[in-house]
Amino acid sequence: MRQAQAALLAASALIATAAIVRPAAAQDVPAATDEAAPPPPAAETLAAPPAPTAPPSLPEKLGQVPGTWDLSRDGTNRRCVMTLVLDSGEAGQRLRFPAGCRRALPVLNGVAGWLFVDGAVRLVDRNVRPVLDFAKRPDQRSLVAQAEGGEHYSLVPLDIVAMRPADAAAAPEAAPADPASPAPAPLQTAARVPAELQPAATASAGPAPGLYALDRFQQRDTCRINLDGTGGAVHIVPGCHDSGLEVFDPVRWRYTNGRMTLTAKRGHSIDLVPNGDGRWRRDPEVGTTFVLRRVD
């Protein structure tokens, strides 16, 4: 009897010991779970591409001045297209202009050269005294000077070094093609926007393509240009009598945000705003009045 009780007590002790040891053993075994993977690196925020900057219109240093400029007396139709060069003359650098400019702008009778002072052009006489001391307008698109008699003159760049693209030789050479790299995918045409999602067209959406005449102050129809509606090209009609527009040589046009922009072959541009009845005037309006008029 005593042996049976002793056996029963021994069995109970073994069961209790097993119950205590089992959880401890289970704790010693690492959980069969995957090791936590490190968090993926945060995606780099792609920097927004820099906004394209407009070509500079005014020179910042002497070497950017040479080229053609339009000199005009404000509020009149008197103007002259002159060429400023870097060659040294009897008074500063040399300049050239047609003989008719002296009649159109008598102030040029006393001009013998030009200087670049304080970031602007200065026309000087034979004694290097200022005749027209120009300063930059706030819009940074043209220069203005006041003569001794109180009249104001505008000097607008037409085709100068500052406007021209950088020398192709200075551009970095294109990297040779890597045969291991895949060829770039061709550009794909964007999906057409459904008609119901397109903005309603307005009658004043922009200038109508076609033939336009150029008027300057009281001179009408000095030149004509064609605005191409399909590709945005500009064509000067033969027989143009406006040397300023021929030197500017517009080749492209576009319309955005209520403004028409004419872009020259060398990249510089001028803006025009509607003036009513199919007319477009230059903005800012500097120098001689510049108006494009739709020709029916």
* Taking the simple approach of a point 7 Å from Cα along Cα-to-Cβ for both Val85 and Lys136, what is their distance in nm? -> 2.8 nm
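Whole number in Å², please: accessible area per residue of the stretch 68-173, 1.4 Å probe, ligands, DNA and RNA not counted.
Heavy-atom SASA per residue in the stretch 68-173 reads 51 Å².
Once neighbouring chains are kept in place and the probe is 1.4 Å, which whole percent of the accessible area of the stretch 57-164 is contributed by carbon and sulfur?
Solvent-exposed carbon and sulfur of the stretch 57-164 make up 45 percent of the total.
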* Structure fact -> In whole angstrom, the spacing between the Cα centers of the stretch 73-89 and the stretch 204-243 equals 24 Å
* Modelled label-to-label distance, Arg126 and Glu148, 7 Å Cα→beta-carbon offset: nm? -> 1.5 nm
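On the protein heavy atoms, probe 1.4 angstrom, tell me the percent of accessible surface of the stretch 220-296 carried by carbon and sulfur.
Looking at the stretch 220-296 in its full context, I get 44 percent from C and S.
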* At most 12 other Cβ within 10 Å, DSSP loop - trypsin sites (Lys or Arg not before Pro), the stretch 86-133 -> Arg126
* Asked: Pulled fully out, how much extra length does the chain show between Ala208 and Arg103, if you take 0.36 nm times their separation in residues and subtract their Cα-Cα distance?
  -> 34.0 nm
* **Contour excess over end-to-end distance, with Cα ends at Gln218 and Glu60 and 0.36 nm allotted per residue** => 53.5 nm
* Structure fact -> accessible surface per residue for the stretch 214-276, probe 1.4 Å, DNA/RNA/ligands not counted, whole Å² -> 51 Å²
* So what's the net charge close to Met82: Lys and Arg +1, Asp and Glu -1, counting the other residues with Cβ under 15 Å from its Cβ? -> +4
* Structure fact -> For the pair Thr261 and Ala233, the simple spin-label estimate (label points 7 Å beyond Cα toward Cβ) gives in nm 2.1 nm
* For the stretch 208-296, run through the trypsin sites (Lys or Arg not before Pro) and keep only the ones in DSSP coil with at most 14 other Cβ atoms within 10 Å of their Cβ. => Lys265
* Asked: Treating the beta-carbon of each Lys and Arg as +1 and of each Asp and Glu as -1, no other charges, what is the dipole magnitude of the stretch 255-296 about its Cα centre, to the nearest 20 debye?
  -> 180 debye
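The values are calculated or read from the model by the stated rules, or taken from the named source; none is laboratory data. All values reported here derive from a predicted model rather than from experimental measurement. For neighbour counting, all protein chains shown are included, and Cβ atoms are generated from backbone atoms with ideal geometry for every residue, glycine included. Ligands, DNA and RNA are stripped out before the accessible areas are found, and what is left, the full protein with its side chains, is counted by its heavy atoms. Shrake-Rupley method; radii C 1.70, N 1.55, O 1.52, S 1.80 Å.
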